[in-house]
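Participant: A single structure is presented below for examination.
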Amino acid sequence: MNVLPYIWLIPLIPLAGFLVVGTLWTMGVLRGAWVHRVAVTASALAFVVAALAVWDFSGGVGKYESLAASDPGRYAVTVGGEHEASRFSVTVAEWVPAGGTVLKGWDPGKHRWADLHVGWKFSLDALTAVMLLVVTFVGTLIHIYSIGYMEGDPGYGRFFAYLNLFMAMMLTLVLGGNLLVMFVGWEGVGLCSYLLIGFFFDQPFDKESGLSCADAGRKAFITNRVGDFGFLLGALLLVVTFGTLDFDALSAAINGASRAWYAAPLLTGIGVLLFVGATGKSAQVPLYVWLPDAMAGPTPVSALIHAATMVTAGVYMLSRMSALYWHAPGAMFVVAVVGALTALFAATMGVAQYDIKKVLAYSTVSQLGYMFLGAGVGAFVAAVFHLVTHAFFKACLFLGSGSVIARCGHTNDMRLYGGLKKWMPVTYWTFLVSTLAIAGLVPFSGFMSKDEILAQSLFSIRGHWLLWLMGTLGAVLTSFYMFRAVWMTFHGKNRSPEWVREQLRESPPVMTGVLVVLAIGAATLGLIGVPHGVSRLVGLGDVNWFAHVLHPVVAARGVVAEVHGEHGGHGGHGGEVAGEYLREGFRVHPTYGQEWGLFLLALGVFATGLGLAWWAYGNDMARARALAPRFAYVRRLLHRKWFVDELYGKLVLKPFYGLCHFFHGFDVWVVDGAVNGTARATLALSHLKAAIDRYVVDLGVNAVGWFVRLGGSLMRRLQAGYVQSYAAFLVLGSFLLLAVYMLINRP
């Protein structure tokens with residue numbers, strides 16, 4: 001089946017679902033079960049087409065070479081090899097046909113021409129295939145779960161319409177063959193997050209901060225615009241520098257002049273600017289503050305944002321631009337440091353939250369930090385693999401929390417839970433499996449991905465032991481706060497109000513069935529990407545299928561991948577140290593003993609977090625209550641999130657609002673004053689001119705007319721038409737003239 005030429009249908013299908021559901025529901029035509037039937041069908045159909053496209057792609061793209069040769073303007077095919085990744089692209093339509101364009105660059109004396117064309121290009125390679133399957137599969141499961149969770153909500157149709165639009169935008173982002181098409185999806189998921197986070201726009205959200213759900217939506221939208229400014233600057237610099245936004249062309253240009261571009265300040269600057277966009281979209285320090293407040297939306301929205309769509313966009317973008325980052329070690333260092341810092345910093349805040357969704361939200365921020373840490377040290381495969389495993393266990397955790405919230409009177413406070421294992425066994429066991437995965441227990445998926453990132457942060461040439469240490473401390477805290485949530489929610493005595501306890505029961509199968517599927521993925525998905533070090537320990541050899549598939553897309557090329565010296569290789573045994581001389585230094589692979597040390601350390605990290613959580617919260621939270629007064633200040637500091645929101649309020653928002661008030665005053669008193677003053681002066685001048693016109697000009701003109709009229713009246717009396725009158729006037733006039741003559745000529 002030839003499906004690849006139709007990959008543009010994948011985002012179009014949920015977009016059509018959005019239009020149908022949104023329009024017909026608004027018109028009152030679509031109601032009840034038909035709402036979710038249309039929406040779920042659209043999402044499921046997108047998954048089916050994506051799966052068929054990936055299957056077609058896995059069979060090789062060589063069969064499409066003749067199609068590309070017959071219509072090179074529409075289709076492009078790259079047949080993979082040892083040093084090249086397979087890729088299929090289709091340009092649906094021309095978008096920006098700029099043609100011959102002068103690129104000024106940075107040196108006025110080196111202007112050059114570029115044939116700049118940007119089209120609606122959609123591409124599929126191994127990285128795209130991974131993201132397509134994750135987004136469509138997990139997204140469809142969240143659609144199905146929402147049938148039970150959102151039942152009876154007055155905005156039922158609006159909710160499913162927004163979910164379909166969210167899927168369409170994320171799929172556009174993933175399939176985009178150039179930065180401009182990606183940016184459409186990039187901004188689209190930002191818009192959808194605003195719509196869904198503020199879904200309950202007329203309700204309050206957080207009593208402590210005073211935020212409403214609408215405020216939380218605006219906070220997410222505005223924070224992301226800050227990051228997007230950096231993304232746009234980076235994209236514009238790419239156009240000026242390379243004359244293209246096409247991913248394939250950019251990679252070819254950088255790898256083709258590898259020695260010239262390696263560590264170039266311009267490339268480093270572009271990499272940092274693009275990463276600024278990623279820090280907003282993927283909630284990294286310092287632009288992470290919107291994500292915890294994204295919990296204002298319905299719980300399925302939280303699962304969709306955190307697991308399958310928006311927050312993974314930044315990691316995907318960095319992986320897609322891996323050729324640039326391999327040649328910008330300074331930018332990669334920034335990525336790694338910010339990722340490690342975020343992983344640890346967010347974990348510290350997760351340990352003191354009582355809102356179950358906020359615990360998971362800070363967990364997401366932290367786990368995203370691990371993904372960026374992996375990308376920053378060159379472990380792009382491990383970073384994307386952690387994105388995949390995280391999608392399953394985090395979706396399961398969020399939807400499990402939604403199951404609890406729906407049955408506990410729609411409260412998120414874990415202090416009002418307890419003992420729910422008895423009433424909600426399916427929710428409990430699926431939540432526990434996902435907790436084991438995120439905490440890093442062998443052989444669950446989280447261990448396979450996260451601990452591989454930690455290992456590479458220690459042994460990679462671009463890694464450092466401080467990065468590894470921050471990541472390891474974050475892993476201890478992750479295990480602690482997740483098992484804290486398990487004990488507070490499912491174990492001990494039930495602390496719910498009586499009216500809640502009377503109605504406690506398991507969620508319906510449409511919700512629990514989704515939880516089971518996601519839990520199975522969280523438990524087993526790690527087996528497709530068993531790290532080389534783990535497989536060595538158990539004597540399996542190299543069984544990392546995921547790395548073999550993805551590595552050609554994100555591998556270092558050009559001067560970065562050059563091997564020098566006599567010690568090339570992939571690992572050593574016993575006391576042998578193997579490594580390879582790279583462009584930027586010497587890379588040492590862990591020895592067999594070091595692999596065992598990391599493995600045992602990972603188990604110790606998991607056990608430490610579990611033990612601390614059991615010690616403090618295992619006996620119906622008795623020790624936690626006893627220790628609370630001693631650590632009240634620390635608990636308050638962490639619970640209030642290090643007062644970062646308040647700090648931003650003082651250092652950013654307050655000056656900004658002050659500046660707004662200043663400009664408002666300037667506008668009112670200066671700009672408006674000048675405009676209004678000019679208007680008043682003009683009005684006064686017009687009144688003066690009217691008076692002059694009326695009393696001077698008009699009076700003079702009217703006086704002349706009056707005199708003319710008076711003269712006319714007199715002359716009319718003289719010209720009466722009687723001959724005798726004319727004769728009398730003639731005689732009288734003659735006498736008058738004679739009298740005057742005599743008076744003048746008197747001697």
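Participant: Of (1) under 21 Å from residue 460 (Cβ atoms); (2) open to solvent by 10 Å² or more (accessible area, probe 1.4 Å); (3) assigned to a helix (DSSP H, G or I), residue 345 satisfies all except one. Which?
Facilitator: Status for residue 345: all satisfied but (1).
Participant: Just to verify a result, which residue in the range 258-288, among those that are part of a loop (DSSP other than H, G, I, E, B) and open to solvent by less than 40 Å² (accessible area, probe 1.4 Å), is nearest to residue 184 (Cα to Cα)? Spell out how you get there, then give the answer.
Facilitator: Step one: filter the range 258-288 for residues part of a loop (DSSP other than H, G, I, E, B), giving 262-264, 282-288.
Narrowing further to those that are open to solvent by less than 40 Å² (accessible area, probe 1.4 Å): 262, 264, 282-285, 287-288.
On the way: 262: 30, 264: 29, 282: 17, 283: 19, 284: 21, 285: 24, 287: 21, 288: 22 Å.
This residue is 282.
Participant: Keeping to the range 518-541, report how many residues are more than 15 Å from residue 435 (Cα to Cα) and in contact (Cβ under 8 Å) with a residue 60 or more places away in the chain. Show your work before the answer.
Facilitator: Filtering the range 518-541 for residues more than 15 Å from residue 435 (Cα to Cα) gives 527-541.
Subset that is in contact (Cβ under 8 Å) with a residue 60 or more places away in the chain: 527, 529-531, 533-534, 537.
Total satisfying the criteria: 7.
Participant: Scan (1) modelled with pLDDT under 95; (2) in a helix (DSSP H, G or I) for the single condition residue 352 breaks and write down its number.
Facilitator: (2)
Participant: Got at least one residue in the range 601-619 being modelled with pLDDT under 90 and not hydrophobic (A, V, I, L, M, F, W, C)? Step through it out loud before you land on a result.
Facilitator: Taking the range 601-619 and keeping what is modelled with pLDDT under 90, we get 618-619.
Checking the rest, the ones that are also not hydrophobic (A, V, I, L, M, F, W, C) come to 618-619.
Checked the range 601-619: at least one residue is modelled with pLDDT under 90 and not hydrophobic (A, V, I, L, M, F, W, C).
Participant: Could you tell me whether any residue of the range 471-478 is buried (at least 24 other Cβ atoms within 10 Å of the Cβ), part of a helix (DSSP H, G or I) and more than 28 Å from the chain's Cα centre (by Cα)?
Facilitator: No, because not a single residue in the range 471-478 is buried (at least 24 other Cβ atoms within 10 Å of the Cβ), part of a helix (DSSP H, G or I) and more than 28 Å from the chain's Cα centre (by Cα).
Participant: When you scan the range 381-395, do you find a residue that is of a type in the set (D, E, K, R) and at pLDDT below 95, even just one? Reasoning before the result, please.
Facilitator: Start the filter on the range 381-395 by keeping residues that are of a type in the set (D, E, K, R), which leaves 394.
Filter once more, so that each one left must be at pLDDT below 95: none.
Checked against the condition, which is being of a type in the set (D, E, K, R) and at pLDDT below 95, the range 381-395 yields no hits at all.
Participant: Still on this structure: With the requirement that a residue be assigned to a helix (DSSP H, G or I), surrounded by fewer than 23 Cβ atoms within 10 Å (Cβ to Cβ) and in contact with a helix residue (DSSP H, G or I) (Cβ under 7 Å, 6 or more places away or on another chain), what does the range 195-217 give you? Quick ask: steps written out before the conclusion?
Facilitator: Applying the first criterion (assigned to a helix (DSSP H, G or I)) to the range 195-217 yields 195-197, 213-217.
Within this subset, residues satisfying the condition of being surrounded by fewer than 23 Cβ atoms within 10 Å (Cβ to Cβ) are 195, 213-215.
Matches in the range 195-217: 195, 213.
Participant: Any chance you could count how many residues in the range 608-629 are open to solvent by 50 Å² or more (accessible area, probe 1.4 Å) and either farther than 27 Å from residue 292 by Cα or of a type in the set (S, T, N, Q) (or both)?
Facilitator: Total satisfying the criteria: 5.
Participant: Can we say residue 141 is touching a helix residue (DSSP H, G or I) at 6+ places or on another chain (Cβ under 6 Å) and not β-branched (Val, Ile, Thr)? Quick ask: steps written out before the conclusion?
Facilitator: Details: touching a helix residue (DSSP H, G or I) at 6+ places or on another chain (Cβ under 6 Å): yes; not β-branched (Val, Ile, Thr): yes.
Yes, satisfied.
Participant: Which one of these does residue 184 not meet: (1) crowded, with 24+ Cβ neighbours inside 10 Å; (2) of a type outside the set (Phe, Trp, Tyr); (3) within 19 Å of residue 305 (Cβ to Cβ)?
Facilitator: It fails just one condition, (1).
Participant: I'd like to know if the range 94-106 contains one or more residues that are of a type in the set (S, T, N, Q), open to solvent by 30 Å² or more (accessible area, probe 1.4 Å) and in contact with an Asp or Glu (Cβ under 8 Å, 6 or more places away or on another chain). I'd like the intermediate steps shown before the answer.
Facilitator: Applying the first criterion (of a type in the set (S, T, N, Q)) to the range 94-106 yields 101.
Filter again for open to solvent by 30 Å² or more (accessible area, probe 1.4 Å), leaving 101.
Still in the running and in contact with an Asp or Glu (Cβ under 8 Å, 6 or more places away or on another chain): 101.
Yes, the range 94-106 contains at least one residue that is of a type in the set (S, T, N, Q), open to solvent by 30 Å² or more (accessible area, probe 1.4 Å) and in contact with an Asp or Glu (Cβ under 8 Å, 6 or more places away or on another chain).
Participant: Which one of the conditions (1) open to solvent by 70 Å² or more (accessible area, probe 1.4 Å); (2) in contact (Cβ under 8 Å) with a residue 60 or more places away in the chain does residue 661 fail to meet, given that it meets all the rest?
Facilitator: Against the list (1) open to solvent by 70 Å² or more (accessible area, probe 1.4 Å); (2) in contact (Cβ under 8 Å) with a residue 60 or more places away in the chain, residue 661 comes up short only on (2).
Participant: Where in the range 17-135 are there strands (runs of 3 or more DSSP E), lying wholly inside it, with at least 3 residues that are closer than 29 Å to residue 322 by Cα and within 29 Å of the chain's Cα centre (by Cα)?
Facilitator: The qualifying strands (runs of 3 or more DSSP E) are 87-103, 112-124.
Participant: So, one more: Mind listing whichever residues of the range 118-133 are farther than 24 Å from residue 529 by Cα and surrounded by fewer than 23 Cβ atoms within 10 Å (Cβ to Cβ)?
Facilitator: Selection gives 118, 119, 120.
Participant: Applying the selection to the range 442-455, what residues are open to solvent by 20 Å² or more (accessible area, probe 1.4 Å) and either within 27 Å of the chain's Cα centre (by Cα) or of a type in the set (Ser, Thr, Tyr) (or both)?
Facilitator: 451, 452
Participant: To continue, here is another question. Is it true that some residue in the range 719-727 is at positive phi, among the small types (Gly, Ala, Ser), more than 60 Å from the chain's Cα centre (by Cα) and not in a helix (DSSP H, G or I)? Show your work before the answer.
Facilitator: Going through the range 719-727, the residues at positive phi turn out to be 721.
From the residues that got through so far, the ones that are among the small types (Gly, Ala, Ser) too are 721.
Keeping just the survivors that are more than 60 Å from the chain's Cα centre (by Cα) gives 721.
Those still in the list that are not in a helix (DSSP H, G or I) too: 721.
Yes.
Participant: Among the listed residues 272, 338, identify the single one that is more than 27 Å from residue 96 (Cβ to Cβ) and aliphatic (A, V, I, L, M).
Facilitator: Matching residue, one of 272, 338: 338.
Participant: Please verify whether residue 463 is closer than 30 Å to residue 333 by Cα, touching a residue at least 12 places away in the same chain (Cβ under 8 Å), assigned to a helix (DSSP H, G or I) and of a type outside the set (A, V, I, L, M), treating the condition exactly as stated.
Facilitator: Values: closer than 30 Å to residue 333 by Cα: yes; touching a residue at least 12 places away in the same chain (Cβ under 8 Å): yes; assigned to a helix (DSSP H, G or I): no; of a type outside the set (A, V, I, L, M): yes.
When the stated conditions are applied, residue 463 does not pass them.
The values are calculated or read from the model by the stated rules, or taken from the named source; none is laboratory data. Keep in mind it's a predicted model, so treat the numbers as computed, not measured. Reconstructed Cβ throughout: ideal geometry from the backbone, glycine too, with neighbour counts over all protein chains shown. Surface accessibility is based on the protein's heavy atoms, side chains included, excluding ligands, DNA and RNA. Shrake-Rupley method; radii C 1.70, N 1.55, O 1.52, S 1.80 Å.
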